[in-house]
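Asks: The structure's right below; bear with me while I get my questions together.
The values are calculated or read from the model by the stated rules, or taken from the named source; none is laboratory data. As the structure is a prediction and not an experimental result, all values here were calculated from the model. So basically every Cβ, Gly included, is an ideal-geometry build from the backbone, and we count neighbours across all protein chains shown.
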Amino acid sequence: MSFGSNEGSPDWDTILSALSDYVDVDNILTPTQVPTPPPSTEVSSPPLLPYQLLDLVVETSPPASNLVAEDDVIISVSTAFFPGSGLHSCPPDLVILSSDSIHFFVHVSTLLDASSNAFDGLLPPSPGNRGRVGPSLTVTEPSDVLNVVLHAVYDRSCSHYGHSFECLSAAVAAMRTYGLSFQRYISPSTPLFSILLSHAPLRPIELYALAAEHDLDDLAVPTSSHLLSFHLPSISEGMVDRIGSRYLKRLFFLHLGRTEALKRILLQPLQMHTPTASCSIHDQRQVARAWAFSCAQLAWEARPDLSIWSIESALGPLEVQLTCDQCRDRLKEHVEIVKAQWSAVKRTI
């Protein structure tokens, strides 16, 4: 079984010891509880979720009831945050229970250092007894979202889990709820920043909205380069509300600015050379008119995402029609100037 980012195999003695401290057998097994499921040999195991949950079976003594002594307590534990995972020099002293009942063994001191609001007021003001797992706290986020949040807190990459964009978006919102600094945990040098940015090619407007909604400027800037071909009038009202006026204005100005810059570059006239016996001023004016016509077509259809290849395709064929070597050289030089100037125009907000 793969344990993701954890090194080596889990220490089962450590895990079972910690779980024995953590599980309150008398409270878990009560006469009102549903009967224990059949043995695992009679029930087919469901497939593991993408983040690979690990089911641990803890043998317990029978409570003061008429339940069968062979009853087991089964809890699902995160394969990244389990006792003995080696994420911290000290053993975990807190268990966080996700909304889908997955247990994450973490450290109070780490969460207190990361959060500005004691994890939305859920944490004690100071760490408890080191080496002993305390009571659990329950959060409203599912395990995949909590997995992303905790990986960010522990400065670990969760890219190998392949979390969906929706999961990552929910994790960013949860980080704000739990008082985690975006500047600290979603800066360009962090693993989570790289994971989010990897979605820019396929989900550019959604990622831009996420960055704008949480004022993640470092994320919004590179994402905007993937929106040069996006049809801005197609943005929904809901998306507009999320992006907000500031980032929406910057995106519109990016499109308008690049379009106007392209027009200015294309409308520069072709420079003529000194007339010769084989190429008169009249001949050169014909070349200049052909150049102006081709540039006007490009300018009329000017788009912020116009490619260098499109410029070459529109202006390059003019060279074939020329018989004057000087005119041909001037044309080549001007095409290169246009390409260089267009490449230098800013591509981000």
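Asks: Being in contact with a helix residue (DSSP H, G or I) (Cβ under 8 Å, 6 or more places away or on another chain), loosely packed, with under 13 Cβ neighbours inside 10 Å and within 30 Å of residue 212 (Cβ to Cβ) narrows it down to one of 265, 308, 243, so name that one.
Replies: Matching residue, one of 265, 308, 243: 308.
Asks: Right, here's the next one. Yes or no: residue 338 among the hydrophobic types (A, V, I, L, M, F, W, C) and in contact with a helix residue (DSSP H, G or I) (Cβ under 7 Å, 6 or more places away or on another chain)?
Replies: yes
Asks: Any idea how many residues of region 313-337 are among the hydroxyl-bearing types (Ser, Thr, Tyr) and in a helix (DSSP H, G or I)?
Replies: 1
Asks: Any residue in region 196-207 that is in a loop (DSSP other than H, G, I, E, B) sitting within a Cβ distance under 6 Å of a residue that is aliphatic (A, V, I, L, M)? List the pairs, counting only those 6 or more apart or interchain.
Replies: Final answer for the pair search is 199/207; 200/207.
Asks: Could you check how many residues of region 73-83 are farther than 17 Å from residue 138 by Cβ, in a loop (DSSP other than H, G, I, E, B) and of a type in the set (A, V, I, L, M, F, W, C)?
Replies: 2
Asks: Among (1) under 19 Å from the mean Cα position of the chain (by Cα); (2) more than 27 Å from residue 86 (Cβ to Cβ); (3) touching a residue at least 40 places away in the same chain (Cβ under 8 Å), where does residue 192 come up short?
Replies: Going through the list (1) under 19 Å from the mean Cα position of the chain (by Cα); (2) more than 27 Å from residue 86 (Cβ to Cβ); (3) touching a residue at least 40 places away in the same chain (Cβ under 8 Å), residue 192 breaks only (2).
Asks: Hey, another quick one. In contact with a Pro (Cβ under 8 Å, 6 or more places away or on another chain) and not in a loop (DSSP other than H, G, I, E, B): does that describe residue 242?
Replies: no
Asks: Are any of the residues in region 211-224 surrounded by 13 or more Cβ atoms within 10 Å (Cβ to Cβ) and in contact with an Asp or Glu (Cβ under 8 Å, 6 or more places away or on another chain)?
Replies: yes
Asks: If I filter region 311-333 down to residues being in contact (Cβ under 8 Å) with a residue 24 or more places away in the chain and within 30 Å of residue 251 (Cα to Cα), which single residue comes out as surrounded by the fewest Cβ atoms within 10 Å (Cβ to Cβ)?
Replies: 312
Asks: Can you pull out every residue in region 338-349 that is in a helix (DSSP H, G or I) and in contact (Cβ under 8 Å) with a residue 24 or more places away in the chain?
Replies: 338, 339, 341, 342, 343
Asks: Another question, if that's okay. In this structure, does residue 264 turn out to be within 30 Å of residue 190 (Cβ to Cβ), over 16 Å from the mean Cα position of the chain (by Cα) and either of a type outside the set (Val, Ile, Thr) or at pLDDT below 95 (or both)?
Replies: no
Asks: Going through region 84-120 one residue at a time, which ones are in a helix (DSSP H, G or I) and in contact with a helix residue (DSSP H, G or I) (Cβ under 6 Å, 6 or more places away or on another chain)?
Replies: 111, 114, 119, 120
Asks: For region 225-234, which residues satisfy the criterion of being without any contact (Cβ under 8 Å) to a residue 40 or more places away in the chain and either of a type outside the set (A, V, I, L, M) or surrounded by fewer than 19 Cβ atoms within 10 Å (Cβ to Cβ) (or both)?
Replies: 226, 230, 231, 232, 233, 234
Asks: All but one of (1) in contact with an Asp or Glu (Cβ under 8 Å, 6 or more places away or on another chain); (2) modelled with pLDDT of 95 or more hold for residue 247, so report the exception by its number.
Replies: All conditions pass for residue 247, except number (1).
Asks: Same structure, new question: Which one is surrounded by the fewest Cβ atoms within 10 Å (Cβ to Cβ), of the residues in region 149-189 that are under 11 Å from the mean Cα position of the chain (by Cα), free of Cβ contacts under 8 Å to residues at least 24 places away in the same chain and outside any loop (DSSP other than H, G, I, E, B)?
Replies: 166
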